[in-house]
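Engineer: The structure is given below, and queries will be raised subsequently.
No value in this document is a laboratory result; all are computed from the given coordinates. Everything numeric in this text was worked out from a predicted model, so none of it was measured. Counting neighbours? That spans all protein chains shown, and the Cβs are built from the backbone with ideal geometry, glycine included.
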Amino acid sequence: MGLFSESVNVICTEDGQPQDVRWQGRDYQVCAEPSRWYERRQWWLEETRAPLGTGAGLVDHEIWRVQLVPAPHTGTHPGRQTEDTGKNITLDLVRHLGSGRWRVIRIHDAGPSSAAEPEEAA
């Protein structure tokens, strides 16, 4: 698992859940119910002071854990193959409440979306 911060484009459902993600030049779809929680952030490292009347987004980050699969390619490149075919990725995303921008803050795994069945011993 890595911890960092990188910009990402996220399209959400009507109720605000991440649905589609464009990250590192690739398109992904959310393939499982995302999880949401809040974490404290060290706002004093980024802000000189807390403006009076602010709270939401200042003290806590809204974090979404999403499991992604590569989006199917359609249209301009019908024969195009990508190295991600058949793999899923689990990311933690944070949305800045003021700007609406999303960032990837953790990468959990990148492996096959389904494990091969072991062969039976003869």
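Engineer: For Arg103 paired with Glu39, estimate the spin-label separation in nm (one decimal), with each label point 7 Å from Cα along the Cα-to-Cβ line.
Structural biologist: For the pair Arg103/Glu39, the computed spacing is 1.1 nm.
Engineer: Next up: For the residue pair Gln24 and Ile11, what label-to-label distance in nm results when each label sits 7 Å from Cα along the Cα-to-beta-carbon direction?
Structural biologist: Going from the Gln24 label point to the Ile11 one covers 2.2 nm.
Engineer: Can you tally the net charge around Pro18? Count Lys and Arg as +1, Asp and Glu as -1, for every other residue whose Cβ sits under 10 Å from the Cβ of Pro18.
Structural biologist: So the surrounding residues net to +2.
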